[in-house]
1. Without any contact (Cβ under 8 Å) to a residue 24 or more places away in the chain, surrounded by 12 or more Cβ atoms within 10 Å (Cβ to Cβ) and in the same structural domain as Lys294 (by TED's automatic domain parsing), is that true of Leu169?
2. Within segment 6-52, which residues are closer than 27 Å to Glu212 by Cβ and polar (S, T, N, Q)?
3. Go through (1) in contact with a strand residue (DSSP E or B) (Cβ under 6 Å, 6 or more places away or on another chain); (2) more than 30 Å from Arg19 (Cα to Cα) and name the single condition Val194 misses.
4. From Gly223, Gly249, Gly253, which residue is among the small types (Gly, Ala, Ser), out of contact with any strand residue (DSSP E or B) (no Cβ under 6 Å at 6 or more places or on another chain) and buried (at least 19 other Cβ atoms within 10 Å of the Cβ)?
5. Identify, from the list Asp34, Asp64, the residue that is over 26 Å from Ala238 (Cα atoms), without any contact (Cβ under 8 Å) to a residue 24 or more places away in the chain and of a type in the set (Asp, Glu).
6. State all residues of segment 199-215 that are surrounded by fewer than 21 Cβ atoms within 10 Å (Cβ to Cβ) and either aromatic (Phe, Trp, Tyr) or not in a helix (DSSP H, G or I) (or both); if no residue qualifies, say none.
7. Taking the options Gly249, Gly298, Gly283, Gly289, name whichever one is of a type outside the set (A, V, I, L, M), on the phi > 0 side of the Ramachandran plot, over 18 Å from the mean Cα position of the chain (by Cα) and not in a strand (DSSP E or B).
8. Could you check, for segment 172-189, whether at least one of its residues is assigned by TED's automatic domain parsing to the domain that holds His236 and in a loop (DSSP other than H, G, I, E, B)?
Amino acid sequence: MHVTRYAVEHRDRWDAFVRESKNGTFLLNRGYMDYHSDRFVDHSLLFQNEKGRLVAILPANERDGVLQSHGGLTYGGVISDQSMTTPAMLQVFGALVSYLHANRIKSLLYKTIPYVYHHFPADEDRYALFRIGARLRRRDVLSVVCTSARLPMQKRRLRKVALGQKLGLAIEESQEFAAFWTVLEANLLATHGVTPVHSLSEITLLKSRFPESIRLHVCKENGQVVAGVVMFNSSHVAHVQYISSSERGREIGALDLLFSTLMDNDYAVLPYFDFGISNEDEGRRLNVGLVEQKEGFGARAVVHDHYELDVPL
């Protein structure tokens, strides 16, 4: 197994492999990964077998002698195609460990890809991580609705949906990211003392590159936006990336109606609706109020595991 560090001349080959992979999404496309290339020292890897065929890729960056599943991505371990088998993955990880040792990289931080994002079963990497002695260092909880077997919504959520319908709230897709970002930034700063991961210019750029995958949906009362969500969508999963609501929106159930409408209509054909994590402190704390709100829509837990491996030098 031959390991090559990613360079710009590999871009087309990389993107083609992601498109044909069994566990890749648009976030692993170089057009997404490279929007913040100034913040990360890219150290992504390509794995070729003895015949020169590309069999796997690893989105990654290097920092302080550590190789990590790319720090600018929510997930992204080894990406493979349908030809990947468990013995072949063991070879990939064997080559990876040898590469890390040869390049004096002291440790590996590895994010798995939750199974709901897989096009086909793709947990060969989890077994390989076990075999090489990697240890679980973090576990987050995604709240996910299974579209084909939806659990009933809580009565409290249903009452809010009914209130929104009674008031004639309108749900629509919007291109007004600037207006939404103003509300989002204010709410995040007031509630958590943070700013969005993406700036307005960055989300606008990414929207232009992935118009079908990144979508803004809003809820309006008398033409005024009272709530909105930005969705990052793959072929299998509708993922809630950003949520924001005005005080008036919270009073009248704007988000409840918005989420109910998206699950019933816009994304009903996708297998999963992912509300994202409700964790803090590297997964060690659960925001109970937040996860209960998500589970009120019928979502249940899917874990997202992170591993660490020390590399003997």
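1. no
2. Ser21, Asn23, Thr25, Asn29, Ser37, Ser44
3. Answer for Val194: the failing condition is (1).
4. Every option except Gly253 fails the conditions.
5. Asp64
6. Within segment 199-215, Ser199, Phe210, Pro211, Glu212, Ser213 qualify.
7. Step by step, each of Gly249, Gly298, Gly283, Gly289 is checked, and only Gly298 is of a type outside the set (A, V, I, L, M), on the phi > 0 side of the Ramachandran plot, over 18 Å from the mean Cα position of the chain (by Cα) and not in a strand (DSSP E or B).
8. yes
The values are calculated or read from the model by the stated rules, or taken from the named source; none is laboratory data. Predicted model only: the values in this text are computed from it and were never measured. Note: ideal-geometry Cβ built from the backbone for every residue, glycine included; neighbour counts use all protein chains shown.
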